[in-house]
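Participant: Got a structure for you, questions after.
The values are calculated or read from the model by the stated rules, or taken from the named source; none is laboratory data. Model, not experiment: these values are computed from the prediction. Cβ atoms come from the backbone with ideal geometry, glycine included; neighbour counts cover every protein chain shown. Ligands, DNA and RNA are excluded from the accessible area calculation, which covers all protein heavy atoms including side chains. Shrake-Rupley method; radii C 1.70, N 1.55, O 1.52, S 1.80 Å.
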Amino acid sequence: RLIATVVLVALALPVRAQPAPAVELNRRLEDAIRLLDVGRVAEARTGLEAIVADARAAHDKATEGHALGRLGRALQLLGDHAGAAARFDDAERVLTDVGDPYPLGLLLNARAQSFYTRGEAPAAEADWRRALALFERSGRPRDEARALYSLTFVRRQDTTEVVALLERASSLARAAAA
């Protein structure tokens, strides 16, 4: 009887639902991205490093790849260009394994911006072209338009190509808005 009473009392106690690991990781990732967006880069970096470790432990490759890409951005903003490049490369490997072209395109777009700001136009162009192809595969015309627009910055000397890139970007943007 005593055991039955203990079991009944235990069953009657309220149970706090624990968030699913993926949901919790994504919430933390969103929080870290907000910190990056408002310029609290050092805090974002700390959070992103923890998210990467936890995502690896949970075998959540998509969150790991996304967090690595954001960590690369944080390191870039902190002036650690070698660390940023390493995290971008890590993120590319992980997201390639995930197999979804859209997040990989976003990563390559961000890395291209990083290359461009460091004066590495050929590397930026290569990543923007790869991102463009991934956005095309994933059916993301707005992102295609942004990648095309970005390519105009590295192709300034070839005005014919710049005009063609802008026309294609404009057409995609109009179609996406309709």
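Participant: Those residues that are surrounded by fewer than 10 Cβ atoms within 10 Å (Cβ to Cβ) and either modelled with pLDDT under 50 or within 16 Å of the chain's Cα centre (by Cα) (or both), I need them from the stretch 14-29; list them, please.
Facilitator: Matches in the stretch 14-29: 15, 16, 17, 18.
Participant: Check 146, 142 and return the single one that is assigned to a helix (DSSP H, G or I), touching a Leu at 6+ places or on another chain (Cβ under 8 Å), open to solvent by 100 Å² or more (accessible area, probe 1.4 Å) and of a type in the set (Lys, Arg).
Facilitator: Going through 146, 142 in turn, just one is assigned to a helix (DSSP H, G or I), touching a Leu at 6+ places or on another chain (Cβ under 8 Å), open to solvent by 100 Å² or more (accessible area, probe 1.4 Å) and of a type in the set (Lys, Arg): 142.
Participant: Residue 90 fails exactly one of the following numbered conditions: (1) open to solvent by 50 Å² or more (accessible area, probe 1.4 Å); (2) within 24 Å of residue 60 (Cβ to Cβ); (3) of a type in the set (D, E, K, R). What is the number of that condition?
Facilitator: Every condition holds for residue 90 apart from (1).
Participant: Restricting the search to the stretch 149-178, which residues are among the basic types (Lys, Arg) and part of a helix (DSSP H, G or I)?
Facilitator: Of everything in the stretch 149-178, those that are among the basic types (Lys, Arg) and part of a helix (DSSP H, G or I) turn out to be 168, 174.
Table: residues versus (1) of a type in the set (Gly, Ala, Ser); (2) modelled with pLDDT of 90 or more.
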position	(1), (2)
76	no, yes
79	yes, yes
100	no, yes
135	no, yes
149	no, yes
157	no, no
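Participant: Kindly evaluate residue 85 against the criterion of being under 23 Å from residue 120 (Cβ atoms), hydrophobic (A, V, I, L, M, F, W, C), crowded, with 18+ Cβ neighbours inside 10 Å and touching a Ser or Thr at 6+ places or on another chain (Cβ under 9 Å).
Facilitator: yes
Participant: Take the residues in the stretch 37-46 that are within 15 Å of the chain's Cα centre (by Cα) and open to solvent by 20 Å² or more (accessible area, probe 1.4 Å); name whichever of them is modelled with the highest pLDDT.
Facilitator: 45
Participant: For residue 62, indicate whether it is among the aliphatic types (A, V, I, L, M), in contact (Cβ under 8 Å) with a residue 40 or more places away in the chain and either within 29 Å of residue 129 (Cα to Cα) or surrounded by fewer than 19 Cβ atoms within 10 Å (Cβ to Cβ) (or both).
Facilitator: yes
Participant: Does at least one position in the stretch 164-172 carry a residue that is among the charged types (D, E, K, R), over 23 Å from residue 77 (Cα atoms), touching a Ser or Thr at 6+ places or on another chain (Cβ under 9 Å) and modelled with pLDDT under 90?
Facilitator: No: zero hits.
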